[in-house]
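To start, the structure under review is shown below, and the notes come after it.
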Amino acid sequence: MPAIETVSLRKYYGKSRGIENVSLQVQQGEIFGFIGPNGAGKSTTIRILLNLIFPTSGQARVLGLDAVKDTVAIRRQVGYLPAEVGYYDDMAVQSLLDYSASFYELDRATALRRIGDLSDAFELNLRPAARTLSAGNRRKVGIVLALLHQPKLLILDEPTISLDPLMQARLFEVLAQENGRGTTVFFSSHVLSEVQRFCHRVAIIKDGRLIKVEDVQTLRSGEFQKVKVEFAGPAPAALALPGIIHQRQTELSLEMLYKGDINPLVRLLAQHELVHLSVEEPGLEEVFMHYYQPGGESR
């Protein structure tokens, strides 16, 4: 049974498209990245999964339950961190966490222990009122709230917003620990380095449509190669060869993303006097940008 399953999911806001024909499966125990720039449809998809908005058509199931009909049962088992968090401003952090813990089947001792462990992990002071918190500390509270009841599924929308680099690293350490205990992690991001380091699989969404779902390592290494060339003389204006993507030129060098058999490229480069040639696995960001070029997903 998948942790998340959508079939032909669509959401329109009047005539404006939110998402179109999103069909996706996230398996239990996965760490799954959902990537795309702002406005691509990430938050819309997440809100449908949590029944915060209704789909125009299609189906969504979470932990085997219907996202619309079984909302209460789903929310007992899911931890959610929205992109923007809001709290009762006059409540102290400790009171806010105690109040939230009361919604779940946690005995008092277990709840206090869990709050203590998570607040220590994220260096979160429990005494201040919510209104006095910095953006980073507000984010930490949201993370603790999402993790508090040890959910079967974590859905995190841009989880590292406002966190400093130390806390970002800490967050992924904690998420890895939770995943090691069996929690499925689904998170949206436009920070590709996070996805590259942390996820098992990734879905790329563009203009409300899924354009690729792939294992991270396969996405990086299965199709593309990053090529850097330094020439003894002026670099050619451009190399004309199918498979060359995103050429970037300086006076004496050329960089490109290349897809396909490397031999035709090597033969083409051999027509020039070279100082240096390197061929390496590209980063996920370079691959991602290929898919966001006009027509990139069809190449």
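It is to be established whether one or more residues within segment 116-132 are touching a Phe, Trp or Tyr at 6+ places or on another chain (Cβ under 8 Å) and either β-branched (Val, Ile, Thr) or in the same structural domain as Arg170 (by TED's automatic domain parsing) (or both). Before you say what the answer is, go through the steps one by one.
From segment 116-132, those touching a Phe, Trp or Tyr at 6+ places or on another chain (Cβ under 8 Å) are 130; that's our starting set.
Imposing the further condition that a residue be either β-branched (Val, Ile, Thr) or in the same structural domain as Arg170 (by TED's automatic domain parsing) (or both) reduces the set to 130.
Yes, there is a match, as at least one residue in segment 116-132 is touching a Phe, Trp or Tyr at 6+ places or on another chain (Cβ under 8 Å) and either β-branched (Val, Ile, Thr) or in the same structural domain as Arg170 (by TED's automatic domain parsing) (or both).
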Residue satisfying condition, being of a type outside the set (Val, Ile, Thr) and on the phi > 0 side of the Ramachandran plot, within set Asp215, Asp207: Asp207
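Within the group Arg131, Arg139, which residue is in contact (Cβ under 8 Å) with a residue 40 or more places away in the chain, over 21 Å from the mean Cα position of the chain (by Cα) and part of a helix (DSSP H, G or I)? Steps first, please.
Working: Arg139 fails: over 21 Å from the mean Cα position of the chain (by Cα).
Step by step, each of Arg131, Arg139 is checked, and only Arg131 is in contact (Cβ under 8 Å) with a residue 40 or more places away in the chain, over 21 Å from the mean Cα position of the chain (by Cα) and part of a helix (DSSP H, G or I).
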Looking only at segment 107-124, which residues are assigned to a loop (DSSP other than H, G, I, E, B) and either surrounded by 13 or more Cβ atoms within 10 Å (Cβ to Cβ) or of a type in the set (Lys, Arg) (or both)? Phe122, Leu124
Take the conditions in a loop (DSSP other than H, G, I, E, B), exposed (fewer than 13 other Cβ atoms within 10 Å of the Cβ) and of a type outside the set (Lys, Arg) and apply them to Tyr104. Does it pass? no
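If only one of Ala169, Ala130 is small (Gly, Ala, Ser), out of contact with any His (no Cβ under 9 Å at 6 or more places or on another chain) and under 26 Å from Thr184 (Cβ atoms), which one is it? Spell out how you get there, then give the answer.
Numbers: Ala130 fails: under 26 Å from Thr184 (Cβ atoms).
Just a single option satisfies the conditions, and that option is Ala169.
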Just to verify a result, which residue in segment 173-215, among those that are surrounded by 22 or more Cβ atoms within 10 Å (Cβ to Cβ) and among the aromatic types (Phe, Trp, Tyr), is nearest to the chain's Cα centre (by Cα)? Phe187
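Show me the strands (runs of 3 or more DSSP E) found entirely inside segment 184-299 where at least 3 residues are modelled with pLDDT of 80 or more and farther than 30 Å from Tyr13 by Cα.
On the way: elements: 184-189, 201-206, 209-215, 224-231, 244-249, 253-259, 274-280.
Qualifying strands (runs of 3 or more DSSP E): 224-231, 244-249, 253-259, 274-280.
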Give me the residue from segment 126-149 that is of a type outside the set (A, V, I, L, M) and surrounded by fewer than 16 Cβ atoms within 10 Å (Cβ to Cβ) and, out of that set, nearest to Leu112 (Cα to Cα). Arg127
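Results for (1) outside the structural domain of Leu106 (by TED's automatic domain parsing); (2) among the acidic types (Asp, Glu); (3) modelled with pLDDT of 95 or more; (4) farther than 19 Å from Phe34 by Cβ, shown as yes or no for each residue.
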{"residue": "Ile143", "(1), (2), (3), (4)": "no, no, yes, no"}
{"residue": "Ala146", "(1), (2), (3), (4)": "no, no, yes, no"}
{"residue": "Pro151", "(1), (2), (3), (4)": "no, no, yes, no"}
{"residue": "Asp157", "(1), (2), (3), (4)": "no, yes, no, no"}
{"residue": "Ile161", "(1), (2), (3), (4)": "no, no, no, no"}
{"residue": "Pro165", "(1), (2), (3), (4)": "no, no, no, yes"}
{"residue": "Gln168", "(1), (2), (3), (4)": "no, no, no, no"}
{"residue": "Val174", "(1), (2), (3), (4)": "no, no, yes, yes"}
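The values are calculated or read from the model by the stated rules, or taken from the named source; none is laboratory data. Computed from a predicted model, the values in this text were never measured in an experiment. Using ideal geometry, Cβ is built from the backbone for each residue, glycine included, and neighbour counts are taken over all protein chains shown.
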